[in-house]
Amino acid sequence: MIRKEEFNMCRKFKSLILASAQKHNWRPEIIAGIISRESRFGLILDADGTGDAGHGHGLMQIDDHSFGTWLSENDWTDPKTNIEKGVQILTDKYNFLDNKGVLNNMSDADAERAAVAAYNCGEGNVLKVIAAGDDIDARTAGHDYSADVLARAEQFKEIFA
């Protein structure tokens, strides 16, 4: 269940979410759903703005294992910068899966879900679960990442209507 504080924080970052979502052709509620799952809009981050034992950075929890150079060269603490990078990462993951041809036989909703899962567990893991015929969340955190993000997105939809 999403707490009232998260809805308030989503409204606070609404214009930033909308700008990045429009730029990269995503539904803004999907971005809000990711931010909610990753950091509860910053409400569960450590004092230095990190999470995931210090490996996730900012609202969208940009991972230092994959994006260490970017993190060292950019102000990831700035919400606009962090959201923009997170949405770029999501877009890159979608494009990677699309270029591999795995999204061709999927509905738009399933392709969106695959990209969201890849945001969490990586494109390689998503390719493996698709090849095995497993649920798209089989290798995500809690084995429910994309399903949870999409459920959260539905709750944030009214803010972007």
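None of the figures in this text is laboratory data; all of them are computed from the coordinates on show. Computed from a predicted model, the values in this text were never measured in an experiment. In this analysis, Cβ positions are derived from the backbone assuming ideal geometry, glycine residues included, and neighbour counts consider all displayed protein chains.
Odds and ends about this structure:
- Comparing mean-square fluctuations of G142, G122, G56 from a GNM of the chain with C-alpha springs under 10 Å, the top value falls on G142.
- Proximal lysines relative to K100, as straight alpha-carbon distance under 27 Å, when same-chain residues fewer than 8 apart are discounted: K23, K85, K128
- Annotation: average projected area of the range 57-161 is 7.2 square nanometres, based on the convex hull of Cα atoms across all directions.
- Packing-based exposure ordering (other Cβ within 10 Å, fewest first) of R11, R139: R11, R139
- Sites A47 and L18, calculated FRET efficiency, Cβ-Cβ separation with R0 41 Å, nearest 0.05: 0.90
- The M106 and E5 beta-carbon pair, evaluated with R₀ = 35 Å, returns a calculated FRET efficiency of approximately 0.50.
- Evaluated over the range 1-140, the Cα radius of gyration and Dmax, each in Å: 14.9, 44
- Pairs of Cα atoms nearer than 8 Å and 6+ residues apart set the relative contact order; for the chain it is 25 percent.
- Among residues other than A117 with Cβ under 13 Å from its Cβ, the summed charge is -3 (Lys and Arg +1, Asp and Glu -1).
- Taking other Cβ atoms within 10 Å as a rough exposure proxy, I136, I44, I34, I159 sort from fewest to most as I44, I159, I136, I34.
- Partner aspartates and glutamates for K93 [C-alpha distance under 12 Å; skip if fewer than 8 residues away on the same chain]: E112, E123
- Under 20 Å of direct C-alpha separation, and excluding same-chain neighbours fewer than eight residues apart, K4 reaches these lysines: K12, K14, K157.
- Isotropic mean projected area of the C-alpha convex hull, the range 74-128 (nm²): 4.1 nm²
- Euclidean distance between Cα centres, the range 122-161 to the range 45-92, Å: 19 Å
- In the range 4-160, a dipole from Cβ-located charges (positive for Lys and Arg, negative for Asp and Glu) runs towards its positive end, and of A131, F160, H65 it is F160 whose Cα lies farthest in that direction.
- Over all other residues within a Cβ to Cβ distance under 13 Å of K80, the charged ones net out to +1, with Lys and Arg as +1 and Asp and Glu as -1.
- Computed magnitude of the charge dipole of the chain (debye, nearest 20; Cβ of K, R +1, Cβ of D, E -1): 440 debye
- Residues W26, W70, W76, sorted so that the one with the fewest Cβ neighbours within 10 Å comes first: W70, W26, W76
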